[in-house]
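> Handing you a structure now.
The values are calculated or read from the model by the stated rules, or taken from the named source; none is laboratory data. Small disclaimer: the values here were computed from a predicted structure and weren't measured. Here the Cβ positions follow ideal geometry from the backbone for every residue, glycine too, while neighbour counts run over all protein chains shown. Heads up: the accessible areas ignore ligands, DNA and RNA and are worked out on the full protein's heavy atoms, side chains in. Shrake-Rupley method; radii C 1.70, N 1.55, O 1.52, S 1.80 Å.
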Amino acid sequence: MIRCCIFDLDGTLLNTLKALTRTTNLVLEHFGYRPADEAHVKLFVGDGYRNQMKRALSYSGDEKLEHYEESLPLYTEIFAKNCMYEVKPYEGIRELLEGLKSRGIRIAVLSNKPHARTVENIETVFGKGYFDCVLGEQPGIPKKPDPAGVRRILGQFGVKPEECLYFGDTNTDMRTGLGAGLMTVGVTWGFRDRTELESFHPQYVISHPEEVFEKILV
């Protein structure tokens, strides 16, 4: 029996692509580099803003990453002002979450986005206390795909891995869920395509949130 669901944030619950692209490009502009389009930013994100900036700088002309260290605090500063820029939930997400809550299934967020910004995104869109646990990147908890964050949530809820679904839109998420022993669901409405998700052999790949109640929790 499924007792909890853990969701990635960017590209899974919320479409944050415009906020991520805006922030990335403001950092690149600061150093005089060309901007990146949304199609490339989709590929830069997923395993933390540090790796995101490495990829963005390299793509935009800083192949030797001469401005990498300087870019990190600047990214944090700019993102704090722009993390809600045109952010919105994907179609069907609210209905999915309400359906889970109505069944007594606990819901959690596990993101590689800095914790303060993760909380801001979630509480601004869904309200404070809507999720049973919200966990972003913070000291002491290794980033996904390390399973430490998943295990912390499971411990807080008192549930076993086999009692939990993990939802995500990138290879990082597939490795996270499968590595933690959870039934893992790839979602194709986010930042990566079906081919990438299926290459990691998750138990399910879905194209709309309503499929959760049609194919998984039937």
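> Please go through the range 29-59 and give me each residue that is more than 26 Å from Asp173 (Cβ to Cβ) and open to solvent by less than 70 Å² (accessible area, probe 1.4 Å), ordered by number. Before the answer, list the steps.
First, pick out the residues of the range 29-59 that are more than 26 Å from Asp173 (Cβ to Cβ): 29-35.
Matches in the range 29-59: Phe31, Gly32, Tyr33.
> So the check is Cβ under 6 Å with 6+ separation or different chains; which pairs have a first residue in the range 78-89 that's open to solvent by less than 30 Å² (accessible area, probe 1.4 Å) and a second one that's modelled with pLDDT under 95 and not charged (D, E, K, R)?
So the pair list comes out empty.
> List pairs: first in the range 95-106 and without any contact (Cβ under 8 Å) to a residue 60 or more places away in the chain, second surrounded by 16 or more Cβ atoms within 10 Å (Cβ to Cβ) and assigned to a helix (DSSP H, G or I), Cβ under 7 Å, 6+ apart or cross-chain?
none
> For Tyr85, indicate whether it is at pLDDT 95 or above and touching a Ser or Thr at 6+ places or on another chain (Cβ under 9 Å).
Yes: the conditions hold for Tyr85.
> Surrounded by fewer than 16 Cβ atoms within 10 Å (Cβ to Cβ) and of a type in the set (A, V, I, L, M, F, W, C): which single residue out of Ala116, Ala180 fits that description?
The unique qualifying residue is Ala116.
> Also: Which one of these is charged (D, E, K, R) and in contact with a strand residue (DSSP E or B) (Cβ under 6 Å, 6 or more places away or on another chain): Lys160, Lys113, Lys215, Lys101?
Details: Lys160 fails: in contact with a strand residue (DSSP E or B) (Cβ under 6 Å, 6 or more places away or on another chain); Lys215 fails: in contact with a strand residue (DSSP E or B) (Cβ under 6 Å, 6 or more places away or on another chain); Lys101 fails: in contact with a strand residue (DSSP E or B) (Cβ under 6 Å, 6 or more places away or on another chain).
Only one candidate qualifies: Lys113.
> Among the candidates Thr76, Thr118, single out the residue that is of a type in the set (Ser, Thr, Tyr) and out of contact with any Gly (no Cβ under 7 Å at 6 or more places or on another chain).
Details: Thr118 fails: out of contact with any Gly (no Cβ under 7 Å at 6 or more places or on another chain).
It is Thr76.
> Something else now. Which of the residues spanning the range 98-107 are open to solvent by 20 Å² or more (accessible area, probe 1.4 Å) and in a helix (DSSP H, G or I)?
Hits for the range 98-107 are Glu98, Lys101, Ser102.
> Determine the pairs where a residue that is farther than 19 Å from Tyr90 by Cβ, located within the range 159-176, has a partner that is at pLDDT 95 or above and part of a strand (DSSP E or B) with Cβ atoms under 6 Å apart, the partner being 6 or more residues away or on another chain.
Once the first residue is farther than 19 Å from Tyr90 by Cβ and sits in the range 159-176, its partners that are at pLDDT 95 or above and part of a strand (DSSP E or B) give Val159/Cys4; Cys164/Cys4.
> Is it the case that Gln138 is touching a residue at least 24 places away in the same chain (Cβ under 8 Å) and exposed (fewer than 14 other Cβ atoms within 10 Å of the Cβ)? Can you show your working first?
Values: touching a residue at least 24 places away in the same chain (Cβ under 8 Å): yes; exposed (fewer than 14 other Cβ atoms within 10 Å of the Cβ): yes.
Yes: the conditions hold for Gln138.
> Further question on the same structure: Can you work out which of the residues in the range 16-61 that are part of a loop (DSSP other than H, G, I, E, B) and over 16 Å from the mean Cα position of the chain (by Cα) is farthest from Thr176 (Cα to Cα)?
By that ranking, first place goes to Gly32.
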